[in-house]
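The values are calculated or read from the model by the stated rules, or taken from the named source; none is laboratory data. These numbers come from a predicted model, not from an experiment. Note that we place each Cβ from the backbone using ideal geometry, even for glycine, and neighbour counts take in every protein chain shown.
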Amino acid sequence: MSLMRRLTGRAPSRGESATVKRIALELEGLDEETAHFLASFAHVLARVAAADLEIDAEEGAAIERILSELEILEPSQVKLVAEIAREQAREEGGTENYLATREFRERSDRPQRLRLLRALLQVAEADGHVSEIESDEIIQIAAELDFSGDELRSLRSDLRGRA
């Protein structure tokens, strides 16, 4: 048994997202699994918003609305989580984005991943225009979440049909 497991009761983290850890620490009162799930969900939302190097007010509001709709966080926690996720997505990017997305994939089931994909499309569309770079980022995230291109196209089509 490793020293980390003996000391903490859990295996050492392999490539956990620093952003997810930072947000999860702010979510007092939630169990660790839920806190990490929400933190990784929020970071991936911010990842799409920051893909074009600018998170505008509409995208920020969409992130907060989506987090509120999960009905887990208090309003003050929603604002804090969204702000940290936006800040980290702007500053970190790269490997941190991949790690947060991988952590979300490992902590979620397929319906939760599908919910995230829908939410990503809502964030990208929040300012009335989905840039090519935002679209490319969603395609990359979908692949990291084990969705095929056909599944993503179908989801986009379904969402357009409801609008």
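Exactly one residue out of Val44, Val78, Val20, Val48 is hydrophobic (A, V, I, L, M, F, W, C), in contact with a His (Cβ under 8 Å, 6 or more places away or on another chain) and modelled with pLDDT of 85 or more, and it is Val20.
Determine whether segment 112-120 contains at least one residue that is surrounded by 14 or more Cβ atoms within 10 Å (Cβ to Cβ) and outside any helix (DSSP H, G or I). For segment 112-120, residues surrounded by 14 or more Cβ atoms within 10 Å (Cβ to Cβ) and outside any helix (DSSP H, G or I): absent. Taking segment 66-97 as the range and being under 18 Å from Leu121 (Cα atoms) and under 13 Å from the mean Cα position of the chain (by Cα) as the test, the residues that pass are Ile66, Leu67, Leu70, Ala82, Ala85, Arg86, Ala89, Asn97.
Scanning segment 122-136 for residues that are part of a helix (DSSP H, G or I) and over 12 Å from the mean Cα position of the chain (by Cα), we see that the one that is farthest from His36 (Cα to Cα) is Glu132. For segment 137-156, the set of residues classified as under 14 Å from the mean Cα position of the chain (by Cα) and of a type in the set (Asp, Glu) consists of Glu137, Glu144, listed by residue number. Counting just the residues of segment 138-163 that are at pLDDT below 90 and of a type in the set (S, T, N, Q), which one comes out farthest from Thr95 (Cα to Cα)? Among those residues, the one meeting the criterion is Ser157.
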